[in-house]
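Asks: Before we start, here is the structure in question, set down as structure tokens.
The values are calculated or read from the model by the stated rules, or taken from the named source; none is laboratory data. Every value quoted in this text rests on a predicted model; they were computed, and no experiment measured them. So basically every Cβ, Gly included, is an ideal-geometry build from the backbone, and we count neighbours across all protein chains shown.
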Amino acid sequence: MPERDLRFLTELAAQLRVDSVRSSAAAGSGHPTSSLSAADLMAVLFACHLRYDFDRPDEPANDHLIFSKGHASPLLYALFRAAGAIGEEELLSFRKRDSRLEGHPTPRLPWVDVATGSLGQGLPVGVGMAMAGRLEHLPYRVWVLCGDGELAEGSVWEAAEHAGDEGLANLTLIVDVNRLGQRGPTRHGWDTGAYARRFGAFGWRTIEIDGHDPGQIDFALGDARNTRRRPTVILAKTRKGEGVLEVENREGAHGKALRDPETAIGELGGPRHVELRVHPPEVTSAPHRFEDGPLTLPEYEVGTRVATRTAFGEALAALGAARGDVVALDGEVADSTKVEEFAKAFPERFFEMYIAEQQLVAAAVGMQVRGWVPYAATFAAFLTRAHDFIRMAAVSRASIRLVGSHAGVAIGEDGPSQMGLEDLAMMRPVYDSVVLYPCDANQTAALTAEMASVSGVSYLRTTRGDTPVVYRPGERFPVGGSRVLRHSPADRATIVAAGVTVHEALAAADELAERGVPVGVIDLYSVKPVDVAALTAAATTTGTLITVEDHRPEGGLGDAVLDAVSELGPRVVKLAVRGLPGSATPQQQLADARIDRRAIVETVKRLL
């Protein structure tokens, strides 16, 4: 490397360190030591290898950089200042109220693709972005910076295996091996060989370097760009707090602003005004997209019996024919969730993520960054494994569509390990989420199509067994709506149900009507947002609401109804799964859980 370039990179890295200290000192908090260790790595990446147009963050050919170690945000913001994207005043607004420079990066900044900070997520999301790059036929690269501590997360190894198996040569992981975590040394310390053996076993190109040597860094990054048919990991040995005597390679300094920032800035050579020109993409081109067509949803005859999971699969295939931006991701259960219908029709837009639910959701997040419309499906019970990724997807304001099949005790003989009984409670608190639970095939088909235009995290809950078709083909079911299926001015109570329990509620209402006890029935297919107007009308006219759900009583349909009508003071009785199920037929399961038609009738009689 020429001496002039070496001097520039050294000065740039020093500026990044100084600005990391300054911004953290202005905030009185932050993670400057984690920023100091990676400054040389990022200086060389930005100055020599990153291809990005800061004036056009939506340029399709731009590279993508994910700061998986999101606590090192002072370094990221210092890079943005050096590149001219933000100014001095904004840099020093770090962590202050209303500042875009939050404690951990979020897409409030147009140059940040996804929110980070929950460790172990950057690489899995990067895998999704790299997959999208292949689909789009674009040459952009995905760079991920992570710390050595987060390599203890299992999600990293889900991603490592998938990237290696797929040969994602457009993906490079840079590991800042600074030896120290939050409370002490990391598992392998500076043993970069231990990490290299693990990544190598998954088919990665591994490069071990001194993370403070610009020449070695430059060579490694160039090697990564030229590697074919497999991803690259650069394992960079660094020192936490590099350049500042007070904290360099010392325990107990993580996550704290420096006690004496002025002395530290002096040690680093003082403030600088190095201007960095990041090279834009060498070529610009539009991403490859698939053709759109007319939407022709499947239609099911009223009175027939069709599983909602079957209707979802057929509707997703129809949606794929209508929209070339729809992609589907499977957790190795496509034959059960019925995503296989999409896979057969559009194999190039179907992605098998295997039994790795964290990577399943993360890949969906990464692909939506690139403008794709992902549907990710597995059993409802198994999405619980990926809840942190779902939570962070919402922080990223990502638009992903999750589908959980085999919900509730209605799956029957498989038993409790396969029963999604907590999924509604898991999804409802997610920021700005949409939760849908259809009861029949035509409703499912309509909602599957509706989800494609929903922003944020949306969730569709489907049922394993066949259920009666009660709605005509072509009916619309807007998000936030409901359907009143039984109603009369003489109603003495209202049963509120969703999914499989709608059919139990209808049967119970018919039996009660024969006995001279009229009750209303509401199909609350939109569990979030709920139809407040319909629930309010029922609460004020009948005074009694009975919620029936194939779910735990905490956090599901009943609580959604309570949230909507609590100020009105009606009586709300929740029928839900309270015991621990075993193996039995679906109808026996509903009866044992006391959410079947007989339990509803008995509850109404007891109350009235």
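Asks: When both residues are 6+ apart or on different chains and their Cβ atoms are under 6 Å apart, which pairs have a first residue that lies in the stretch 415-440 and is in the same structural domain as Ser399 (by TED's automatic domain parsing), and a second that is part of a loop (DSSP other than H, G, I, E, B) and acidic (Asp, Glu)?
Replies: Ala425/Glu554
Asks: Of the residues that sit in the stretch 67-105 and are out of contact with any helix residue (DSSP H, G or I) (no Cβ under 6 Å at 6 or more places or on another chain) and either outside the structural domain of Ala163 (by TED's automatic domain parsing) or closer than 27 Å to Gln358 by Cα (or both), which one is surrounded by the fewest Cβ atoms within 10 Å (Cβ to Cβ)?
Replies: Gly103
Asks: Under the condition of being buried (at least 16 other Cβ atoms within 10 Å of the Cβ) and assigned to a loop (DSSP other than H, G, I, E, B), which residue from the stretch 255-267 is farthest from the chain's Cα centre (by Cα)? Explain how you work it out, then say what you get.
Replies: Step one: filter the stretch 255-267 for residues buried (at least 16 other Cβ atoms within 10 Å of the Cβ), giving 257-258, 261, 264-265, 267.
Now narrow it down to the ones that are assigned to a loop (DSSP other than H, G, I, E, B): 257-258.
On the way: Ala257: 31, Leu258: 34 Å.
Among those that are buried (at least 16 other Cβ atoms within 10 Å of the Cβ) and assigned to a loop (DSSP other than H, G, I, E, B), it is Leu258.
Asks: I need a count of the residues in the stretch 363-386 that are within 13 Å of the chain's Cα centre (by Cα), in a helix (DSSP H, G or I) and either under 19 Å from Thr337 (Cα atoms) or modelled with pLDDT under 95 (or both).
Replies: 6
Asks: Please find, among Pro581, Pro518, Pro473, the residue that is outside the structural domain of Arg594 (by TED's automatic domain parsing), surrounded by 15 or more Cβ atoms within 10 Å (Cβ to Cβ) and on the phi < 0 side of the Ramachandran plot. Spell out the reasoning first.
Replies: Values: Pro581 fails: outside the structural domain of Arg594 (by TED's automatic domain parsing); Pro518 fails: outside the structural domain of Arg594 (by TED's automatic domain parsing).
Testing whether each residue is outside the structural domain of Arg594 (by TED's automatic domain parsing), surrounded by 15 or more Cβ atoms within 10 Å (Cβ to Cβ) and on the phi < 0 side of the Ramachandran plot leaves just Pro473.
Asks: Kindly indicate which of Ala160, Ala152 is crowded, with 24+ Cβ neighbours inside 10 Å, hydrophobic (A, V, I, L, M, F, W, C) and within 23 Å of Ala393 (Cα to Cα).
Replies: Ala160
Asks: Could we say that Val565 is in contact with a Ser or Thr (Cβ under 6 Å, 6 or more places away or on another chain), on the phi < 0 side of the Ramachandran plot and in a helix (DSSP H, G or I) here?
Replies: Working: in contact with a Ser or Thr (Cβ under 6 Å, 6 or more places away or on another chain): no; on the phi < 0 side of the Ramachandran plot: yes; in a helix (DSSP H, G or I): yes.
Answer is no for this residue.
Asks: Yes or no: Ala393 surrounded by 21 or more Cβ atoms within 10 Å (Cβ to Cβ) and under 13 Å from the mean Cα position of the chain (by Cα)? Spell out how you get there, then give the answer.
Replies: Details: surrounded by 21 or more Cβ atoms within 10 Å (Cβ to Cβ): yes; under 13 Å from the mean Cα position of the chain (by Cα): yes.
In short, yes.
Asks: Does Ala538 meet the test of being in a helix (DSSP H, G or I), under 22 Å from Asp510 (Cβ atoms) and in contact with a strand residue (DSSP E or B) (Cβ under 6 Å, 6 or more places away or on another chain)?
Replies: The answer is yes for Ala538.
Asks: Given the options Gly270, Gly320, name the one that is buried (at least 16 other Cβ atoms within 10 Å of the Cβ) and either in contact with a strand residue (DSSP E or B) (Cβ under 8 Å, 6 or more places away or on another chain) or modelled with pLDDT of 95 or more (or both).
Replies: After ruling out the rest, the residue left standing is Gly320.
Asks: Within the stretch 215-250, track down each residue that is of a type in the set (S, T, N, Q), closer than 19 Å to Gly181 by Cβ and crowded, with 20+ Cβ neighbours inside 10 Å.
Replies: Within the stretch 215-250, Thr238 is the sole residue that qualifies.
Asks: Pick from Ser68, Ser34, Ser93: which is in contact with a Cys (Cβ under 7 Å, 6 or more places away or on another chain) and of a type outside the set (A, V, I, L, M, F, W, C)?
Replies: Being in contact with a Cys (Cβ under 7 Å, 6 or more places away or on another chain) and of a type outside the set (A, V, I, L, M, F, W, C) holds for just one of Ser68, Ser34, Ser93, which is Ser68.
Asks: Out of all the residues in the stretch 441-493, which are of a type in the set (S, T, N, Q), touching a residue at least 24 places away in the same chain (Cβ under 8 Å) and closer than 27 Å to Ala381 by Cα?
Replies: Within the stretch 441-493, Asn442, Gln443, Thr444, Thr448, Ser455, Ser458, Thr462, Thr463, Thr467, Ser482 qualify.
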